[in-house]
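Each remark here refers to the structure printed beneath this line.
Taken together, the values in this text are just the output of simple stated rules run on the coordinates, not laboratory data. Fair warning: this is a prediction, and the values are worked out from it, not measured in the lab. Cβ placement follows ideal geometry from the backbone for every residue including glycine, while neighbour counts extend to all protein chains displayed.
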Amino acid sequence: MGVENIYRDFAYIYDKLMYDVDYKEWADYIEKIFQEYEVKPSLIADLGCGTGNFCVEMDKKGYEMIGIDSSLDMLNCAKKKSEGRNILYLNQDMTDFELYGTVDAIVSLMDSINYLTYIKDIKKLLKLVKNYLNPGGLFIFDINTPYKFKNILKDNVFYDVSDEITYVWQNNFDSKRKICEFDITFFVKEGQYYNRYDEVHYERCYEIEELKKVIVSSGMTLVNVYDSMTLNRPLPKSERVFFVCKNGG
């Protein structure tokens, strides 16, 4: 399991499903973290960039962006919305990416890390991050928390009905394997008819302490862990947390 080949038809309706995500808010938050630690990155890599929304928002702020994703369909969508902008997109796996040089900061957002269903893949990613991140540079990523998997996502069904697209999202969380299966069915209006698309995605539930240990063992410095979109410590019922790591002390 992993992130390869799971965003085929899904790529082209991804933005419609993510209509409620404020990417400007995400960009403002990441910039706030930069300011908190008095770093001024110029070149930033976005691992698991998807359809490029975050890259575009950061480009608007004047940052030079590299977007990396294993889905060619996602990147095709990203390139279309980035026309006229100087954003480099690379079709690479986030656990096996290769850059032309080092960067000032690296991010991996929207629970992309949860899509890495083996701890060995996170170790590979951290090794690459350390290799391509300039000394003192920050690596920022977020995860869906164990609380969210066990209490919000677990065995629940979500749906949304509209004229253009309807989806049914059914979850199955295996607490022993710590794997959540997302079984998603879409009905997308194309002309007079609706076409059906089916996707199955997987995310792994990682404990915060588990990831802390992996970060430290990678040689990176764990700077802080924050509750979603804040600079506050996580709460017992936090559904998303952000990790801030530094390359060096």
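What is the total of Lys pairs in the range 148-203 with C-alpha atoms under 22 Å apart, excluding same-chain pairs fewer than 8 positions apart?
For the range 148-203, qualifying lysine pairs total 6.
Any idea what diffusion coefficient the chain gets from Stokes-Einstein, in µm²/s, Kirkwood Rh on alpha carbon pairs, 4 °C, 1.567 mPa s?
Answer, rounded: 69 µm²/s.
What distance in nm separates the two pseudo spin-label positions at Glu38 and Ile152, each 7 Å out from Cα along the beta-carbon direction?
3.4
For Glu190 and Thr230, compute 0.36 nm times the residue count separating them, minus their Cα-Cα distance, and round to one decimal in nm.
10.4 nm
Taking θ as phi - 60°, what are the ³J(HN,Hα) couplings along the range 38-50 by the Karplus curve (6.51, -1.76, 1.60), each to the nearest whole Hz, with x for Gly and Pro?
Working through the residues one at a time gives 6, 10, 10, x, 10, 10, 10, 9, 10, 8, x, 6, x Hz.
So, in nm, how far is label Asn91 from label Lys127 when the simple model puts each one 7 Å beyond its Cα toward the Cβ?
2.6
Could you pull out the pairs from Lys60/Lys130; Lys40/Lys81; Lys130/Lys246; Lys79/Lys130; Lys24/Lys60 whose alpha carbons sit more than 18 Å apart here?
Going by Cα-Cα distance, Lys60/Lys130; Lys40/Lys81; Lys79/Lys130 fall outside the 18 Å limit.
Helix-only mean residue ellipticity at 222 nm, the chain, DSSP H runs n ≥ 4 weighted -39,500 (n - 2.57), per residue, nearest 500. What is it?
Calculated from helices alone, the mean residue ellipticity at 222 nm is -7000 deg cm²/dmol.
Of all DSSP beta bridges in the chain, what percent run antiparallel (nearest 5)?
Within the chain, antiparallel bridges account for around 70 percent of the total.
Show me 43-53, 165-175, 237-247 ranked by packing, highest mean number of other Cβ atoms within 10 Å first.
Ranking, from highest mean packing down: 43-53, 237-247, 165-175.
Average the reciprocal distances over every distinct pair of alpha-carbons in the range 148-203, invert the result, and give the Kirkwood radius in Å.
12.2
How much length would be gained if the chain were fully extended between Ser162 and Lys120, taking 0.36 nm per residue of separation minus their Cα-Cα distance, in nm to one decimal?
Taking 0.36 nm per residue and subtracting the Cα distance, the gain is 11.1 nm.
What angle, in degrees between 0 and 90 and rounded to the nearest 10, separates the Cα long axis of helix 208-217 from the longest principal axis of the Cα atoms of the chain?
40
Report, in degrees rounded to the nearest 10, the 0 to 90 angle that the Cα long axis of helix 72-81 makes with the longest principal axis of the chain.
That helix lies at roughly 80 degrees to the long axis.
Find the centroid of the Cα atoms in the range 207-225 and in the range 81-125, then give the distance between the two in whole Å.
18
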